[in-house]
Structure formats: C-alpha cells, structure tokens
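Read through the structure below, which is laid out as structure tokens, and then see the notes.
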Amino acid sequence: MKCVAALFIDFDKTISKDHVYYSTGGSSDEKKITQKLAQEFMGGEQRIALLHKKFQSYTDRKIEMYIVSYGFIGIIKRVLKFTGLLSFFKNRIYGRDSSLLKRFGYDKGKFIQYFKTENNWKSYQVLFIDDDLRNTALINEKRTARVYTITSGKGLTKDSFDAVEQLLKYDSREGQE
Ligand SMILES: [Mg+2]
C-alpha cells in the first residue's frame, strides 16, 4: 500500500531559499520577477537542480505536490516557471490570493483537512513541510498531517530532503488517523 499520497509545501524559505514575498515588498506584480532574480531566490543552479531531482522522484512515485503559501500565486508561478519547476505543481498552487485558502481563514491545517476529506487521505498519508513552526506545531498537535519543519533558514536543503525521504518511508501500519 502506498504510504504518503500528498505533500503540502510552503513556498517562501521552504521551496525558495529567500523570502520572495518580503524581498519583493509584498508586491503582486509578476513583472518584477526576472529569470535572474528567480534563480537567485531559489539559491542558484545547484539548489534548483536538487529541487528538480527530488520533485521528479516524488512525481514518479505518484505523490501529489501542493504549494500552500501566504505569497501571491502569480509571483510563485513565475519563480517556478523561470526555474523549470512549475510543471510539478500544475494548478496545485495556493497563495494569499487563493479563494480556497481564504475560505479557511488562511489556516493551513483546515486547508489540508479539506483535501484529506476530498481525497479520503488519512493523516499519515499527508506530509506538510513549512519553515514556520507556528504552522507545523499546530498541524502536528491536531494530527492533521505529519510535519517537517525547515530549520536551516534557507529552505529545503540536502539534509532536509534526506529527512523528508525518511518520513516518506514511514510505515503506514504505525500511522495514526
Ligand atoms: Mg515560509
């Protein structure tokens, strides 16, 4: 039986290395994002290659990836497009201008719960990754999903991907509802 079915991933300082929303002054103007800037926000060529490799391996394992962020969708999409990562998420990108996230009062836990109900996923089949401990602690406490907190201060790194990989191997028989 397949264990993890979905990954819900924050964007700023999780997928991106820098805080794109703050770095762009909270702007929703996508034209501010150039290819060069997008690559910088993602931490450069090597890190982008690592993200590509890992996201490809999740996609190969039929794990659905969602972005749940407080940044603007258009900005996130443009950064991903310029760095060749957009196709992994398709339209599963939710930001501060997402009506669905707004509907849940920007509560990432309630947002994830909605998808769990829709897809009949158990808590152990969903992994949430964020650098904001307030989000991960609450979701962990409520057992909405399994969580991984980024503590590097520079987004997903090789070490955090290794830790995520261990969580993906988690035995569902030990899982909790
Ligand atoms: Mg973040």
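The values are calculated or read from the model by the stated rules, or taken from the named source; none is laboratory data. Source: prediction; values computed, not measured. Backbone-built Cβ (ideal geometry, glycine too); neighbour counts: all protein chains shown.
Couple of notes before you dig in:
- For the stretch 6-53, residues that are of a type in the set (A, V, I, L, M, F, W, C), buried (at least 19 other Cβ atoms within 10 Å of the Cβ) and under 19 Å from the mean Cα position of the chain (by Cα) total 11.
- Per the conditions (1) in contact with an Asp or Glu (Cβ under 8 Å, 6 or more places away or on another chain); (2) over 21 Å from V147 (Cβ atoms); (3) in a loop (DSSP other than H, G, I, E, B); (4) within 16 Å of the ligand (Cβ to nearest atom), the sole criterion not satisfied by Y21 is (3).
- When D107, D162 are checked against the criterion of being of a type in the set (D, E), surrounded by fewer than 20 Cβ atoms within 10 Å (Cβ to Cβ), at pLDDT 95 or above and away from the ligand (no atom under 16 Å from the Cβ), D162 stands alone in meeting it.
- Residues in the stretch 9-43 that are farther than 14 Å from D131 by Cβ and among the polar types (S, T, N, Q): S23, T24, S27, S28, T34, Q35, Q39.
- Failed item, numbered, when A137 is tested on (1) among the hydrophobic types (A, V, I, L, M, F, W, C); (2) within 16 Å of the ligand (Cβ to nearest atom); (3) closer than 20 Å to R61 by Cβ: (3)
- Lone qualifier among K62, K36, K54, K31 - being more than 14 Å from the ligand (Cβ to nearest atom), assigned to a helix (DSSP H, G or I) and in contact (Cβ under 8 Å) with a residue 12 or more places away in the chain: K54
- For the stretch 72-86, the count of residues that are surrounded by fewer than 16 Cβ atoms within 10 Å (Cβ to Cβ), within 14 Å of the ligand (Cβ to nearest atom) and free of Cβ contacts under 8 Å to residues at least 60 places away in the same chain is zero.
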